[in-house]
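Asks: Before we start, here is the structure in question, set down as structure tokens.
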Amino acid sequence: METYPIDIEPEQIVRWVMAESRAMPLEFRTIARRTIEPRRLPTRKELRLGEEERDDLTEIATVGSLQIAPAHATEGWLLTIVVEDEFGPRILDEPAASEGEQEIDVAAFYDSFIRPRRGSASAVAEVEDSAAKARLSRLLQDIEMNRHFSDRGGSSR
């Protein structure tokens, strides 16, 4: 497996996949997840907290991930978009922290992470071989040019 970063805005990728999925619902397999991660508050001088206050506070991060794969796994590629949104120091809300990982739909991923431009977003690709990389490159060109199935006259990738 070769993994490499994608140089297309995650927002553009998600919007394109949503539009393409409306026109061709079975073209992609998508899995979106939201994870709430409590983290130890880092030790920083500017926080000026005592040990007791530090124990009461936790840094909360919400991580959204979207995996996009072709309907046929034999095509050998996977796109993953990850958005990490750190809320900063908070008193830990036990019910929210216990949610852990939650599967959401692509529209909820877009509405929660992409549209409000929350956090830092990145996109990476995994390909099995050079043929898969070539197929993914053609798809990425379509995304970059905002070409859709209907624009291509129904021709295959």
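The values are calculated or read from the model by the stated rules, or taken from the named source; none is laboratory data. Remember, it's a predicted structure, so these values are computed and weren't measured experimentally. No Cβ is skipped: glycine too gets one built from the backbone with ideal geometry, and neighbour counts run over all protein chains shown. Surface accessibility is based on the protein's heavy atoms, side chains included, excluding ligands, DNA and RNA. Shrake-Rupley method; radii C 1.70, N 1.55, O 1.52, S 1.80 Å.
Asks: Points 7 angstrom from Cα along the Cβ direction at residue 1 and residue 103: gap in nanometres?
Replies: Placing both labels 7 Å along Cα→Cβ, they lie 1.9 nm apart.
Asks: Turning to a different aspect of this structure: Just the accessible area for residue 4, please: 1.4 Å probe, Å², rounded to the nearest 10?
Replies: Spelled out: residue 4, probe radius 1.4 Å, area about 40 Å².
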